[in-house]
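Colleague: What follows is a structure written as structure tokens; I'll ask about it next.
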Amino acid sequence: ETVLIIGTRGGLGSELWGQLLAHSSVHKNYVLNCIHKDNKTLKRRQGDEFTCRGINPSRLESPKLRVVLLEGATYKPNLGLKEDLFHEIVETVTTIILNGWRANFASPSHDFEPAMTRTRRLVEVALASPPKYPPCFICSSSIGVFQSSFLSALFARH
């Protein structure tokens, strides 16, 4: 599996990605988060989040995995990434996980327009994939139900 996961800086995202890093069938992770204006490197920022959540940050150093930490903007064309990197992701990704879906049911529908734009861009990535079977597309949020069978169901399709 080659996974593109969006939103790994919070609790659910860190836990989810920590599980993906430990899963034997995942050999590459593209991790896309929003652009952050602090002076930390992407690895340091994610390592700090792992430490805060009780996840060993040494998982980021796994020799068997290729981890590509990215900052971008999923509402922009090419997800805010350089064109060559964007095309590499489109051509290789087998699973796309959009974590952090906003779930405030009291909000007016126009408040969801940015989330819908992000989702549409990610669906377009999946549909542009050249393999016979497009990538699996999963949306999650901490408000949603997250069951331990999630990863089993994700990788059972192969």
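Colleague: Sort out which residues of region 9-32 are more than 16 Å from THR51 (Cβ to Cβ) and in a loop (DSSP other than H, G, I, E, B), and write them in order of number.
Modeller: HIS23, SER24, SER25, VAL26, HIS27
Colleague: Is region 88-98 home to any residue that is at pLDDT below 85, of a type outside the set (Val, Ile, Thr), open to solvent by less than 40 Å² (accessible area, probe 1.4 Å) and under 21 Å from THR8 (Cβ atoms)?
Modeller: Within region 88-98 (the criterion being at pLDDT below 85, of a type outside the set (Val, Ile, Thr), open to solvent by less than 40 Å² (accessible area, probe 1.4 Å) and under 21 Å from THR8 (Cβ atoms)), the answer is no, since none of the residues qualifies.
Colleague: Those residues that are of a type in the set (Lys, Arg) and open to solvent by less than 30 Å² (accessible area, probe 1.4 Å), I need them from region 1-33; list them, please.
Modeller: The one that is of a type in the set (Lys, Arg) and open to solvent by less than 30 Å² (accessible area, probe 1.4 Å): LYS28.
Colleague: In region 43-77, what count of residues is obtained for those that are within 27 Å of MET116 (Cβ to Cβ) and either in a loop (DSSP other than H, G, I, E, B) or open to solvent by 50 Å² or more (accessible area, probe 1.4 Å) (or both)?
Modeller: Residues flagged as within 27 Å of MET116 (Cβ to Cβ) and either in a loop (DSSP other than H, G, I, E, B) or open to solvent by 50 Å² or more (accessible area, probe 1.4 Å) (or both) within region 43-77 amount to 6.
Colleague: As an exercise: evaluate HIS36 against (1) without any contact (Cβ under 8 Å) to a residue 12 or more places away in the chain; (2) exposed (fewer than 12 other Cβ atoms within 10 Å of the Cβ) and give the number of the one condition it does not meet.
Modeller: Every listed condition holds for HIS36 apart from (1).
Colleague: Looking at (1) farther than 16 Å from ASN29 by Cα; (2) open to solvent by less than 60 Å² (accessible area, probe 1.4 Å), find the lone condition where MET116 falls short.
Modeller: Status for MET116: all satisfied but (2).
Colleague: Among the residues of region 133-141, is there at least one that is at negative phi, in a loop (DSSP other than H, G, I, E, B), at pLDDT 90 or above and open to solvent by less than 70 Å² (accessible area, probe 1.4 Å)?
Modeller: Checking region 133-141: at least one residue is at negative phi, in a loop (DSSP other than H, G, I, E, B), at pLDDT 90 or above and open to solvent by less than 70 Å² (accessible area, probe 1.4 Å).
Colleague: I would also like to ask the following. Among the numbered conditions (1) exposed (fewer than 11 other Cβ atoms within 10 Å of the Cβ); (2) at pLDDT 85 or above, tell me where LEU81 comes up short.
Modeller: Against the list (1) exposed (fewer than 11 other Cβ atoms within 10 Å of the Cβ); (2) at pLDDT 85 or above, LEU81 comes up short only on (1).
The values are calculated or read from the model by the stated rules, or taken from the named source; none is laboratory data. Treat the numbers as computed from the prediction; the structure is a model and nothing was measured. Here the Cβ is made from the backbone with ideal geometry for all residues, glycine too, and neighbour counts use every protein chain on show. Heads up: the accessible areas ignore ligands, DNA and RNA and are worked out on the full protein's heavy atoms, side chains in. Shrake-Rupley method; radii C 1.70, N 1.55, O 1.52, S 1.80 Å.
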